[in-house]
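Undergrad: Below are the structure tokens for one structure; questions will follow.
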Amino acid sequence: MVLALQLAAVQISSTSRGVGVLGIVPLPRIAFFPRTAIRFEAPEPMKISELSPEYRQQPPHASLVTDLNKVVTDVESFATSASSPEKLAADLRRILANLASAASSSSFTEAFTVQIWRLGTRLWNAVVDRANSNALAGGPAALSAEAEIRQAAPELLLLAGIPDGVPSAAAKVASFFHRAGLAWLDLGRVDLASACFEKATPLVSAAATEEDRGVLLEINLARARAASDSGDQALAVALLSRSKSLAAASPEGAKSLAQGYLSIGEATLSRKYPNPAVEASSLFTEALDLCEKAASPSGATPKTPNIEGFKGRCLRFLALERLGAQDFEGVLRCIRVSRASMGLEEEHPSIGVMAMRAWIGSGNVAEAEKELETLMDNALATENVCVSAAEVYLAAAGPEVARKVLIALAARCRGGGAAAAVRVVKQVIDGGGGGTGRARAIAELVSDERVVALFDGPANSHDRGTMHALLWSCGTEHFHSKNYDTSADLIERSMLYVSRDEESRSRRADCFRVLSLCHMALQHLDRALEFINEAYKVEPNIKCAFLKVKIHLQKEEEDKAIEQMKTMVGCVDFNPEFLTLTAHEALACKSVRVAVASFTFLLGLYSAGRPMPMPEVAVLRNLIELLSRVPGTEAEILKYSRCAMQRMADLGVERFFGSGIVGVRELNWFADTSWNLGLTVSKEKKYNFGAEFFELAAEFFGSSNTECDGNRPNVCKALIMSVTAMLNAEELNNSPLSDSEIKKGVEMLSRAGKLLPLISPSVPVASDQLEANNFLYLHTFNSYQLFGRMGTPAYSQQLQLVKNFASSKACTPDHLLKFGVTASKGALPNLLVAEFALKASITTALASQSPNYRVISCALRKLACLAGLQDLNGSKSDAAYDVFRQAHQIVVGLRDGEYPAEEGQWLATTAWNMACLPARLRQAKVARKWMKMGLDLARHLDSMKERIPFMQKYFEDFQKMSGDEPDECSQEDGAPKISMSGSMSQTVLV
């Protein structure tokens, strides 16, 4: 629409008079009326007395005439006068004010009026000369001053009055006001222009003469223009309608009025005023009707020349208006009328453009194509018009015809073929629909040899770059849409428009890199490697090296990827950020090894003051996290954990880990990870690593010096676990601890002992504090173990250590049982500790609300075995018998199955078997005592019921064989007694 409007707006031809500085057509110089027009009577003879100076009087308003004459002279001598237009305008304003004041107080004489008219006419002619001169070019202020000087001439004549001796004086003043108003319109001062027109209208409103009617028509047309410029289209149309009677007299008047209608119609069409009463189509129709009247005048009035051209212009604008209203049939009717009257030889290019658009709007693309071909054959159509029309046609016809249109444009546009090709391709790209079909059409279009040839030569470098940019943008758009095949095709075609000079090196490298990315996405990895190698040849940089690493990762070539990383680090434009990106890519490809290598390279780049993409602690954290995913990397994890510990010691906690909550989180992560790794490797029986990790965990947990630090209990636990892992490693590897390791363990336990109150239980053996009980036990147990490994015997210290633990709230029967078992083993057993621990275990278990008979039974067995090795009371048999007697007291009264069956069988069987040796040695009394204990234990155990008859019969037989002497052991120590009937009395447990 804008294009057609510009094409239709043909400049109206000016008159033969030159246009002045103010942009208006000035009037010719006005010759004042002849002096003989006014007759003077012969004067009477003067008296001698009247010749005296005191009798001479000045004419009225002589000073006004003098001042005006001086100003007019300055205006006339603009080439030599030093007065500025602003000063002249100010002087004229002052004179007009004085003249208006004088006119209000008294009437002017005829002689004065004639003088003012003579000076006013001189002023007008001087203004005309100034307007036609090129020496008065100035800014807006100077032009406004010149317009004010112009308006001063008719103002002087109007104030002086209309003399009777001047022919058509009123028409002249009105014409002066009209010209002054046009000057103000050209400067955009519609208010001042309207004021001039309103002063001129009453002077010729009577329209008494042909000249008055002509001037009044011009004023009405100018007023209509001013009203249109101010937005009052209704007033403009009313003024034009008022002028129809004035224009009817002559073809020139009709043409002028038609031009007025056309001008107002153009303004209405371009500005789209909201007033529905004013339609551009009606204004253009009125202009056409007036053209018809001017073309076929009645009577002998001559025909107005060039009316057909003006009529064609009206038809173009009417067609344009109909096109905007989407009345396509109306557009085509206007075009048919125009072509019938004008022919195709001199057809205005806008006709073809509007015809093509009308056919497109009506859905007839074939006729639109014919109109486009006709337009391209029109010699008056510029290359820009042809290309613009082609863009409109392509938007409607689709990309399929783009190649045909572009070839036609290449033949039509000799000088701007490259620019035309760029516009056509841009239209195809922007035509909507980003499918592969449109992209394929674009690729075929730009790869045609005839199209590529349009861009040859240095003069087309700009258009060549634009074409490359269009194809590049289209290709990247498809890349982001994951249409990698299409993107690669377009990017490869865009390289046809990239020269091989030095300036285009970076652009070519970018194309190769994008092509490599496209083929990587398509999993054409060998092809991608070829393109990135080409890019590296053109412009070796870090981007190309990084993409090589990425390709090797996708090809699962880890060794080549790591080797390429070394090349990447050596690039001139190397940035550590690319190592971070490499780590991310390696993790995406599930290549932990390459990710670890990238972080290792990155860790080696840290130095004081060097900016890095991430903190050093984050690199170490990522390394440890990645290595923990790979089995058998405990040594590497331990190395980087020690590195973190060393960096923390060198830089300080806050400087290494960071301040605030972030630093606390980082520190806790290292501490928790070391703890978890210690637990993991300990479960795998890698106790050497476990001891190291627990020691590191203690250091990380204890790195804060705050007294109220919540990590202090964790420090205690980690120290205890570290010593525990050391002792387990010694046992597993069967390699004694060195003196330095023993000393280190003692120091760690001593440090943990100071923190034990933080984890000690507040009530005895609560289930929710079982973990705290275990750590207190482990501290005591490890201390016991280390005391036993010192150079000098420490039996008393070990006994005191166990006694102290037994008196603590954390002590449990199970802990005491373990102490007893441990003390009874080894190359140097501590039997005192074993006896104390086992007896304390039994006593503590029996004192609980729910005795654990599994612990009690195990303790009884161990205690019985211990008593069999050493007679603690001076009699070997009595010590062991006391243990079994205590066991008998425990099992009496228990429910079936409450005492462990296997342990019960062991007690009964062992007691019975203890009689074997005395029986062989003919110690019948001792033998009967043990057999009796075994039989009594069996009677209280369900698992021994089947053996009781056998044992009973054997015991009776043994009594008969051994004689009838009384059984002393049955009468002593509260042993059970058997009655004649075989019943048994039981002792009462207290």
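The values are calculated or read from the model by the stated rules, or taken from the named source; none is laboratory data. Because the structure is a prediction, the values reported are computed rather than measured. Positions of Cβ are generated from backbone atoms using ideal geometry, with glycine treated the same way; all protein chains shown enter the neighbour counts.
Undergrad: Is there any pair linking a residue in the range 704-717 that is under 19 Å from E654 (Cα atoms) and assigned by TED's automatic domain parsing to the domain that holds K754 to one that is modelled with pLDDT under 85 and part of a helix (DSSP H, G or I), with Cβ under 8 Å and at least six apart or on different chains, and which?
TA: Listed by first residue and then by second, the contacts come to R712/L758.
Undergrad: Exactly one condition in (1) buried (at least 22 other Cβ atoms within 10 Å of the Cβ); (2) within 19 Å of G632 (Cβ to Cβ) is false for S682; which is it?
TA: Here S682 meets the rest and fails (1).
Undergrad: I've got another one for you. Which one is nearest to A443 (Cα to Cα) among residues in the range 379-425 that are of a type in the set (K, R) and buried (at least 17 other Cβ atoms within 10 Å of the Cβ)?
TA: R403
Undergrad: Would you pick out the residues in the range 426-440 that are in a helix (DSSP H, G or I) and surrounded by fewer than 14 Cβ atoms within 10 Å (Cβ to Cβ)?
TA: Across the range 426-440, the qualifying residues are D430, T436, G437.
Undergrad: Continuing with the same structure: Output the residue which, of all residues in the range 788-816 that are at pLDDT below 85 and not small (G, A, S), is surrounded by the fewest Cβ atoms within 10 Å (Cβ to Cβ).
TA: That would be T792.
To keep it simple, each residue is scored yes or no on (1) closer than 30 Å to K925 by Cα; (2) free of Cβ contacts under 8 Å to residues at least 60 places away in the same chain; (3) not in a helix (DSSP H, G or I).
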| position | (1), (2), (3) |
| --- | --- |
| S796 | no, yes, no |
| C865 | yes, yes, no |
| A879 | yes, yes, no |
| F884 | yes, yes, no |
| R895 | no, yes, yes |
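Undergrad: I've got another one for you. Can you pull out the helices (runs of 4 or more DSSP H) entirely within the range 602-675 that have at least 3 residues that are of a type in the set (G, A, S)?
TA: Answer list for the range 602-675: 634-651.
Undergrad: Among the listed residues A142, A102, A174, A90, which satisfies the condition of being of a type outside the set (V, I, T) and under 20 Å from I219 (Cβ atoms)?
TA: Going through A142, A102, A174, A90 in turn, just one is of a type outside the set (V, I, T) and under 20 Å from I219 (Cβ atoms): A174.
Undergrad: Can you go through Y484, Y536 and tell me which one is outside the structural domain of A408 (by TED's automatic domain parsing) and either crowded, with 19+ Cβ neighbours inside 10 Å or over 24 Å from L409 (Cα atoms) (or both)?
TA: Exactly one residue qualifies, and that residue is Y536.
Undergrad: Can you name every residue in the range 97-117 that is at pLDDT 85 or above and surrounded by 17 or more Cβ atoms within 10 Å (Cβ to Cβ)?
TA: Scanning the range 97-117 gives L99, F112, T113, V114, Q115, I116, W117.
Undergrad: Moving on to the next point. Only one of these is touching a Gly at 6+ places or on another chain (Cβ under 8 Å) and surrounded by 20 or more Cβ atoms within 10 Å (Cβ to Cβ): S722, S674. Name it.
TA: Sole residue among the options that is touching a Gly at 6+ places or on another chain (Cβ under 8 Å) and surrounded by 20 or more Cβ atoms within 10 Å (Cβ to Cβ): S722.
Undergrad: Moving on to the next point. Scan the range 822-844 for residues that are touching a residue at least 40 places away in the same chain (Cβ under 8 Å) and farther than 16 Å from S783 by Cβ and jot them down.
TA: Correct list: S824, L828, I842.
Conditions (1) of a type in the set (D, E, K, R); (2) free of Cβ contacts under 8 Å to residues at least 12 places away in the same chain; (3) in contact with a strand residue (DSSP E or B) (Cβ under 9 Å, 6 or more places away or on another chain), marked per residue:
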{"site": "R179", "(1), (2), (3)": "yes, no, no"}
{"site": "A193", "(1), (2), (3)": "no, no, no"}
{"site": "P202", "(1), (2), (3)": "no, yes, no"}
{"site": "E211", "(1), (2), (3)": "yes, no, no"}
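Undergrad: Answer yes or no as to whether S659 is of a type in the set (S, T, Y) and exposed (fewer than 15 other Cβ atoms within 10 Å of the Cβ).
TA: Answer is yes for this residue.
Undergrad: Could I ask something else about it? Can you tell me which residue within the range 703-714, out of those that are under 45 Å from the mean Cα position of the chain (by Cα) and not in a loop (DSSP other than H, G, I, E, B), is modelled with the highest pLDDT?
TA: Among those that are under 45 Å from the mean Cα position of the chain (by Cα) and not in a loop (DSSP other than H, G, I, E, B), it is N714.
Undergrad: Can I ask one more? Being in contact with an Asp or Glu (Cβ under 7 Å, 6 or more places away or on another chain) and at pLDDT 75 or above is the filter here, so list the residues in the range 282-308 that pass it.
TA: Passing the criteria: only F284.
Undergrad: Okay, next question. Name the residue that is surrounded by the fewest Cβ atoms within 10 Å (Cβ to Cβ), counting only residues in the range 550-592 that are charged (D, E, K, R) and in contact with a Leu (Cβ under 7 Å, 6 or more places away or on another chain).
TA: Here the residue is K555.
Undergrad: I'd like the residue in the range 342-358 that is part of a helix (DSSP H, G or I) and more than 45 Å from the chain's Cα centre (by Cα) and, out of all such residues, is farthest from V401 (Cα to Cα).
TA: M342
Undergrad: What is the number of the single condition among (1) among the charged types (D, E, K, R); (2) within 25 Å of R189 (Cα to Cα); (3) in contact with a Ser or Thr (Cβ under 9 Å, 6 or more places away or on another chain) that R122 does not meet?
TA: (2)
Undergrad: Identify, from the list V630, V592, V619, the residue that is closer than 21 Å to E654 by Cα and β-branched (V, I, T).
TA: V619
Undergrad: Go through (1) surrounded by fewer than 23 Cβ atoms within 10 Å (Cβ to Cβ); (2) touching a Phe, Trp or Tyr at 6+ places or on another chain (Cβ under 6 Å) for L372 and report which single condition fails.
TA: Failed condition: (1).
Undergrad: While we're here: If the requirement is being touching a helix residue (DSSP H, G or I) at 6+ places or on another chain (Cβ under 9 Å) and either over 26 Å from K311 (Cβ atoms) or surrounded by 22 or more Cβ atoms within 10 Å (Cβ to Cβ) (or both), which of these qualifies: A234, A238, A249?
TA: That would be A234, the only listed residue that is touching a helix residue (DSSP H, G or I) at 6+ places or on another chain (Cβ under 9 Å) and either over 26 Å from K311 (Cβ atoms) or surrounded by 22 or more Cβ atoms within 10 Å (Cβ to Cβ) (or both).
Undergrad: Moving on to the next point. Output the qualifying pairs, or none if there are none: Cβ atoms under 9 angstrom, residues six or more apart or on different chains, first residue in the range 657-678 and farther than 30 Å from A729 by Cα, second residue of a type in the set (S, T, N, Q) and surrounded by 13 or more Cβ atoms within 10 Å (Cβ to Cβ).
TA: Matching pairs, first to second residue: F657/S703; V664/S704.
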